[in-house]
Amino acid sequence: MEIVICPDATEAGRLGANAIVALLQRKPDAVLGLATGSSPMAIYDELVRRRQSGEVSFAQARAFTLDEYVGLASDHRETYHNVIRRDFVDRVDFAPAAVHGPDGLAADLPAVCHEYEEAIVTAGGVDLQILGIGTDGHIGFNEPSSSLASRTRIKTLATQTRIDNARFFGGDVDQVPTHCITQGLGTIMDARHVVLVASGHGKAEAVHQLAEGPVSAMWPATILQHHPHVTVLLDEAAAGRV
Ligand code: GLP
């Protein structure tokens with residue numbers, strides 16, 4: 001695991017973007033794993049700038065998002081489908097059908113999970129997975145106690161995660177869905193390169209566990225200690241306990 005402590009989140013974003021630009025220059029039809037949340041925004045903003053300067057194109061790239069809330073209306077601002085389009089996908093030149101996410105409104109959610117796993121494999125697997133990390137050490141929505149070998153499945157959201165995410169739902173935790181679909185830890189571990197980005201004091205404990213804690217389902221991100229190619233990009237606050 002390579003850990004890079006940057007002066008600020010903007011620099012961490014620049015380094016994350018560098019990895020993606022280099023990948024797409026080498027392999028224009030690469031498969032990206034996209035994460036929502038505030039952490040990857042510095043990467044996405046930098047990628048938008050690099051796209052505008054003509055340095056990189058996403059026209060042949062494919063992408064899979066990590067997770068989705070269950071039960072939010074398709075026109076709800078906070079479905080991760082809508083969030084990732086607004087935050088990144090619609091700001092660059094992805095082909096319309098190239099970005100995939102699990103359907104949190106489907107009647108048969110277990111079938112959706114199974115098909116999502118198959119779609120990732122059919123695409124050739126994820127070349128580079130962008131990750132944030134929750135304050136409780138979750139990645140995707142793999143909450144504490146998740147199986148370290150889990151695949152895409154339905155999960156109940158932890159109370160802490162619903163509290164953390166209430167800011168996107170008018171501050172009202174009751175508006176935050178109770179369930180989600182998430183790629184599993186085993187799914188994430190299949191990505192060829194994982195780039196995890198974290199900023200702020202609130203992430204310092206989770207980052208400490210990720211880097212120095214024992215591998216444990218109680219801190220799901222610690223499974224990444226077993227991944228052969230992980231880059232962790234931190235600002236100084238998030239690195240406060242490493
Ligand atoms: C959500 C997402 C995660 C993300 C986490 C942290 O729970 N499912 O993928 O890493 O939030 O979000 P933020 O980066 O906004 O702190």
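Nothing in this text is a laboratory measurement; each read-out follows from the coordinates by a stated rule. Note that the coordinates shown come from a computational prediction; the quantities given were computed from them, not determined experimentally. Neighbour counts run over all protein chains shown; Cβ positions are idealised from the backbone, glycine included.
A few comments on the model shown:
- Test item: Cα-centred dipole of the chain, Lys/Arg +1 and Asp/Glu -1 on Cβ, debye: 360 debye
- Karplus-derived 3J(HN,Hα) values for the range 105-118, using 6.51 cos²θ - 1.76 cosθ + 1.60 with θ = phi - 60°, are 10, 5, 5, 10, 5, x, 5, 4, 4, 4, 5, 5, 4, 5 Hz; glycine and proline are entered as x.
- Remark: the Ser147-Ala106 segment gains 12.4 nm on full extension, using 0.36 nm per residue and subtracting the alpha carbon distance.
- Estimated from helices alone, the mean residue ellipticity of the chain at 222 nm is -9000 deg cm²/dmol (sum of -39500 (n - 2.57) over DSSP H runs with n ≥ 4, per residue).
- Total formal charge among the other residues, if their Cβ is under 9 angstrom from that of Val99, Lys/Arg +1 and Asp/Glu -1: +2
- Normalised by the number of residues in the range 135-242, the mean separation of alpha-carbon contacts (under 8 Å, six or more apart) gives a relative contact order of 34 percent.
- Cα centroid separation, the range 1-56 to the range 104-144 (Å): 20 Å
- The range 129-220: C-alpha gyration tensor shape, a/c 1.5 cut-off, then a/b vs b/c: oblate
- In Hz, Karplus ³J(HN,Hα) per residue of the range 148-153 (6.51, -1.76, 1.60; θ = phi - 60°; x = Gly, Pro): 5, 10, 5, 10, 4, 6
- Look at the Cα gyration tensor of the range 102-153: its axes a ≥ b ≥ c give a/c of at least 1.5 with a/b at or below b/c, and that counts as oblate.
- Across Asp29, Asp67, Asp164, mean-square fluctuation computed from a Gaussian network of the chain (C-alpha pairs under 10 Å connected) peaks at Asp164.
- Structure remark: mean-square fluctuation, Gaussian network model of the chain, C-alpha springs under 10 Å; the largest value among Leu157, Leu196, Leu185 belongs to Leu157.
- Selected from His114, His179, His81 as most flexible by GNM, with the chain as the system and alpha-carbon contacts under 10 Å: His114
- 3J(HN,Hα) couplings calculated from phi for the range 79-84 with the Karplus curve 6.51 cos²θ - 1.76 cosθ + 1.60 (θ = phi - 60°) are, in sequence order, 4, 5, 4, 6, 5, 5 Hz; Gly and Pro show x.
- For Cys6, net neighbour charge (Lys/Arg +1, Asp/Glu -1) across residues whose Cβ lies under 9 Å away: -3
- Charged neighbours of Ala149, selected by a Cβ distance under 14 Å, balance to 0 (K, R count +1; D, E count -1).
- Remark: the Cα gyration tensor places the chain in the rounded category, a/c being less than 1.5.
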